[in-house]
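Every read-out reported here was derived from the displayed coordinates using simple, explicitly stated rules and does not represent laboratory data. What you see is a predicted model, and the numbers here were worked out from it, not measured in a lab. Counting neighbours? That spans all protein chains shown, and the Cβs are built from the backbone with ideal geometry, glycine included.
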Amino acid sequence: MSKPQMTERQAAAWPEAIAAINAVDGVDLPEGIGYWDVIWGEETRPGRGHYLDARYNDGEHFAQITMDVYGYPNTSVAELDWLHASGWEECPCGCNDEEAGE
């Protein structure tokens with residue numbers, strides 16, 4: 001079974017969706033879909049294409065583009081405020097403070 005591909009309309013709408021997200025002040029996310037985690041929906045009508053749900057997270061921003069097979073995008077972007085990250089020495093929750101566990 002082959003990997004789903006964008007429909008022609010999705011491919012044409014993708015740059016506009018990226019531009020809409022990057023128009024937000026302080027946001028500059030990559031344009032290439034290869035940088036995004038993509039979940040493809042099941043084909044509801046065989047041969048018509050797949051619903052696209054693309055997500056991107058760089059630690060500062062989380063963005064999502066959803067798009068039907070006809071290329072109508074829904075875009076969103078959020079700034080991330082990390083509450084806990086155990087691998088980060090200066091975790092904001094204090095889990096790595098020397099006093100923790102005492």
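Pairs of Cα atoms nearer than 8 Å and 6+ residues apart set the relative contact order; for the chain it is 23 percent. Projecting the Cα atoms of Gly47, Pro15, Pro73 onto the dipole axis of the stretch 7-83, where Lys and Arg carry +1 and Asp and Glu carry -1 at the beta carbon, places Gly47 farthest toward the positive end. Please give me the summed charge of the neighbours of Pro4: other residues whose Cβ is under 11 Å from its Cβ, Lys and Arg +1, Asp and Glu -1. Net local charge, Pro4 excluded: -1. Measuring spread by the Cα atoms of the stretch 1-51 yields a radius of gyration and Dmax of 13.0, 41 Å.
Modelled this way, with points 7 Å down the Cα-to-C-beta line, the labels at Glu89 and Ala11 are 4.8 nm from one another. When the chain is treated as a Gaussian network with alpha carbon springs shorter than 10 Å, the biggest mean-square fluctuation among Val24, Val69, Val77 belongs to Val24. Convex hull volume per residue, computed on the Cα atoms of the chain, equals 134 Å³.
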